[in-house]
Amino acid sequence: MCGRFTMALDALELQKELELGEMPLDWLPRFNIAPSQMVAVVIEPNKRDVSWMRWGLIPSWAKDIRIGSRMINARAETLEVRPAFRRAYAQRRCLILADGFYEWKRNPGKKVPAIPYHFYLNGRKPFTFAGLWEFWKSPNDEEIKSCAIITCAANPAVAAVHERMPVILGREDCWRWLEPRSTPELAKLLQPYSGEDLSLHRVSKLINRPEFDHPDCILSQEE
DNA sequence: CCAGACGTTGTT
DNA sequence: GTCTGG
DNA sequence: CCAGACGTTGTT
DNA sequence: GTCTGG
């Protein structure tokens, strides 16, 4: 699963590395991005402008913004059938910008705290999660855009910690994800990350607190 | 027909 | 235990 | 994902 | 909005 992630690069570095368009002016490096917060997304593959969206997809028919807190992830295996995600899968796919993500390793049956790990690519290069997004109009007519991160089975590197992981798209695949495509073509993109350059290390439980967004979040900690 | 859910993960 | 907020 | 609240009334 | 359960 993916319930926390990082985007620690500065705007210019990220823009250059992923060949993006315009960046938000209020960009800040982030070390502990939590659900309900604003995340950086791209929805259009030509201009590739980056904008903010709320993390936690609120379906257009929702009566309450709170439903978004249950829609932070969408299983790749069931996108076509889930009422909350089906339309977005067909019409509103997005890229969510990241340079790492956290997973917690549990010890089943034992009453010990879960241990958090940070996953990142060699050289701390940025990458994109496959995502879905929606419009929602609040009762006082405020338009809110929100998104979900798609998950798949863990690859071998992640499996030691957790059974699921976010879908990470490659540098070319990510633009294909945004173009109109048939569902078989899209489904082919939603695979566990196959690169050999995904690293991990244990981090402090300080990251458990969503309000602790600090460079120390990604510091390596002794096992 | 109407009411109520619409999701994932992990645990039992 | 379960829901909400971040 | 984890942390923190989970309630009402009345008073400041 | 659309599907499922009653």
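One table, with the values for the structure above:
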item: Residues located in region A:31-79, provided they are within 16 Å of DNA strand E (Cβ to nearest atom) and crowded, with 16+ Cβ neighbours inside 10 Å; result: A:L57, A:I58, A:P59, A:A62, A:I65, A:I67, A:G68, A:M71, A:A74, A:L79
item: Given (1) under 22 Å from A:L18 (Cα atoms); (2) surrounded by fewer than 16 Cβ atoms within 10 Å (Cβ to Cβ); (3) within 16 Å of the chain's Cα centre (by Cα), number of the condition A:E179 does not satisfy; result: (3)
item: Residues of region A:15-52 that turn out to be of a type in the set (D, E) and part of a helix (DSSP H, G or I), as a count; result: 1
item: Residues within region A:97-123 that are in contact (Cβ under 8 Å) with a residue 60 or more places away in the chain and either hydroxyl-bearing (S, T, Y) or under 18 Å from A:P166 (Cβ atoms) (or both), tallied; result: 14
item: Residue list for region A:200-223, restricted to those being of a type in the set (V, I, T) and within 12 Å of DNA strand D (Cβ to nearest atom); result: A:V203, A:I207
item: Residue that is farthest from DNA strand C (Cβ to nearest atom) [pool: residues in region A:63-79 that are modelled with pLDDT under 95 and not in a helix (DSSP H, G or I)]; result: A:K63
item: Which listed residue, of A:P116, A:P139, A:P126, is farther than 27 Å from A:P29 by Cβ and either touching a helix residue (DSSP H, G or I) at 6+ places or on another chain (Cβ under 9 Å) or loosely packed, with under 15 Cβ neighbours inside 10 Å (or both); result: A:P139
item: Condition broken by A:L28, with the remaining ones in (1) at pLDDT 95 or above; (2) out of contact with any Ser or Thr (no Cβ under 7 Å at 6 or more places or on another chain); (3) crowded, with 17+ Cβ neighbours inside 10 Å satisfied; result: (3)
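The values are calculated or read from the model by the stated rules, or taken from the named source; none is laboratory data. What you see is a predicted model, and the numbers here were worked out from it, not measured in a lab. For neighbour counting, all protein chains shown are included, and Cβ atoms are generated from backbone atoms with ideal geometry for every residue, glycine included.
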